[in-house]
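The structure under discussion appears below in the form of structure tokens.
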Amino acid sequence: MAQSNGFLTTHILDTANGCPAEGVKITLYLLNGAERTKLTSVITNKDGRTDTPILAKGKMQKGVYELVFEMGEYFKSKGNKEDLPFVDVVPIRFGIANDDDHYHVPLLASAFSFSTYRGS
């Protein structure tokens, strides 16, 4: 079986402060029914991105994935004083139908809201 050419990337924009979100832990899981397999954990750099793709070429397969962004600690470091943050851990579950494509799953977040889309 040939290796896939697809890969997965992300970035985080702090929409409240108008900057990339540096130092956020992101964990990627592969889901198979009720089974959840951890593939990797990374930390965002000063551009709110990871230094390498979260899922490199040759590693992607069709399936259901989940990115988990640990935003609560990030917003606490930016001065959010909530004892119980409104936005804390942000899971984004998505499907990869074509393992030869580039999937980009960004997160736009503030301490009180978040959104995502399939980027390029």
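The values are calculated or read from the model by the stated rules, or taken from the named source; none is laboratory data. This structure is a prediction, so every number in the text was calculated from the model and none was measured. Neighbour counts run over all protein chains shown; Cβ positions are idealised from the backbone, glycine included.
Table: residues versus (1) over 16 Å from Gly119 (Cβ atoms); (2) among the aliphatic types (A, V, I, L, M).
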{"residue": "Leu13", "(1), (2)": "no, yes"}
{"residue": "Ala16", "(1), (2)": "yes, yes"}
{"residue": "Cys19", "(1), (2)": "yes, no"}
{"residue": "Ile26", "(1), (2)": "no, yes"}
{"residue": "Thr52", "(1), (2)": "yes, no"}
{"residue": "Gly58", "(1), (2)": "yes, no"}
{"residue": "Gln61", "(1), (2)": "yes, no"}
{"residue": "Val64", "(1), (2)": "yes, yes"}
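Looking at the stretch 105-120 only, could you name the residues that are part of a strand (DSSP E or B) and more than 28 Å from Asn80 (Cα to Cα)?
Gly119
Table: residues versus (1) at pLDDT 95 or above; (2) loosely packed, with under 15 Cβ neighbours inside 10 Å; (3) of a type in the set (S, T, N, Q); (4) within 14 Å of Leu30 (Cα to Cα).
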{"site": "Thr52", "(1), (2), (3), (4)": "yes, yes, yes, no"}
{"site": "Pro91", "(1), (2), (3), (4)": "yes, yes, no, yes"}
{"site": "Pro106", "(1), (2), (3), (4)": "yes, no, no, no"}
{"site": "Tyr117", "(1), (2), (3), (4)": "yes, yes, no, no"}
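Only residues that are under 27 Å from Asn80 (Cβ atoms), of a type outside the set (Ser, Thr, Tyr) and part of a strand (DSSP E or B): list them for the stretch 1-37, please.
His11, Ile12, Leu13, Asp14, Cys19, Pro20, Lys25, Ile26, Leu28, listed by residue number.
Would you confirm whether or not the stretch 6-23 contains a residue that is farther than 17 Å from Leu107 by Cβ, touching a residue at least 24 places away in the same chain (Cβ under 8 Å) and among the hydrophobic types (A, V, I, L, M, F, W, C)?
The answer is yes, given that some residue of the stretch 6-23 is farther than 17 Å from Leu107 by Cβ, touching a residue at least 24 places away in the same chain (Cβ under 8 Å) and among the hydrophobic types (A, V, I, L, M, F, W, C).
Hey, can you tell me all the residues within the stretch 76-104 that are touching a Leu at 6+ places or on another chain (Cβ under 6 Å) and not aromatic (Phe, Trp, Tyr)?
Scanning the stretch 76-104 gives a single hit, Ile92.
Which condition from (1) out of contact with any helix residue (DSSP H, G or I) (no Cβ under 8 Å at 6 or more places or on another chain); (2) farther than 15 Å from Ile12 by Cβ; (3) in a loop (DSSP other than H, G, I, E, B) is the one that Asp47 breaks?
(2)
Select from the stretch 61-88 the residues that are under 15 Å from the mean Cα position of the chain (by Cα) and in a loop (DSSP other than H, G, I, E, B) and write down the one among them that is surrounded by the fewest Cβ atoms within 10 Å (Cβ to Cβ).
Asp88
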